[in-house]
Amino acid sequence: EVQLLEAGGGFVQPGGSLRLSCAASGFTYTNFAMGWVRQAPRKGLEWISAISGNGVNTHYADSVRGRFTISRDNSKNTVSLQMHSLRGDDTALYYCARTLIRQLSPTSYYFYMDVWGKGTTVTVSS
Amino acid sequence: QSVLTQPPSVSATPGQKVTISCSGGSSNIGNNFVSWYQQLPGTAPKLLIYDNNKRPSGIPDRFSGSKSGTSATLAITGLQTEDEADYYCGTWDTSLSVLFGGGTKLTVL
């Protein structure tokens, strides 16, 4: 069974840091990109970041670029999201998602997320 | 405000057909594929449709997707009470980001 299990969420003060992780199982991990999507309380989905199967290519939303770093360990089937300079609007449920990336042109891609974890909650507050 | 515009809510009775629209522009839907996600209350999103109109294994054919120009539509036929959920469209934008619509809450009356 394909499974994604997030961990690392918690309570952090503004300006602080947190590292999320996601353990994958049930599929050939290196064949897939992985990503993170978050959902603020009572709000919609917001894509944050993705990383290619070999870990070479990364993508970020403008809202987190420069503050968050995505990485993966293909020997452990894990993907991580290191978050720095956290703000109140980073408060959300963070989902790990298996991501399919298709490059349509040098600057155009198509992403979709076919497997999702249950999420881990990050609360940023003083 | 989302770049991809969805109606905040739709409703229908069991057995009926309902459609949910997702309106974008030439920088996103107009030149890319669209996916749709279902989020049942208190659960993680689930992929319903990808590549505009393809269903992953296990998704009933009651769910279908289409795209025309800069808009996409999710249609659900033979509506069931368990279809009550939030539905999101998604695509890529030339701003170099994945976009989701604001979400549509489907109520099955």
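Condition check for residue B:33 on (1) more than 26 Å from residue A:118 (Cβ to Cβ); (2) away from chain A (no Cβ under 12 Å); (3) assigned to a loop (DSSP other than H, G, I, E, B); (4) within 15 Å of the chain's Cα centre (by Cα): one failure, at (2).
In segment B:45-54 there is no residue that is over 23 Å from residue A:49 (Cα atoms) and aromatic (Phe, Trp, Tyr).
For segment B:70-109, the candidate set comprises residues that are modelled with pLDDT of 95 or more, under 19 Å from residue A:47 (Cβ atoms) and not in a strand (DSSP E or B); within that set, the residue that is farthest from the chain's Cα centre (by Cα) is B:102.
Screening segment A:53-126 for strands (runs of 3 or more DSSP E) wholly inside it with 2 or more residues that are more than 14 Å from the chain's Cα centre (by Cα) and away from every other protein chain (no Cβ under 13 Å) returns the ranges A:120-124. The condition of being modelled with pLDDT of 95 or more and within 16 Å of residue A:112 (Cβ to Cβ) holds for only one of A:11, A:32, that being A:32.
This table checks each residue for (1) among the aromatic types (Phe, Trp, Tyr); (2) on the phi < 0 side of the Ramachandran plot; (3) touching a Gly at 6+ places or on another chain (Cβ under 8 Å).
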| position | (1), (2), (3) |
| --- | --- |
| A:20 | no, yes, yes |
| A:24 | no, yes, no |
| A:27 | yes, yes, no |
| A:37 | no, yes, no |
| A:41 | no, yes, no |
| A:45 | no, yes, yes |
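The values are calculated or read from the model by the stated rules, or taken from the named source; none is laboratory data. Just so it is clear, the structure is predicted and the values come from calculations on it, not from any experiment. Neighbour counts run over all protein chains shown; Cβ positions are idealised from the backbone, glycine included.
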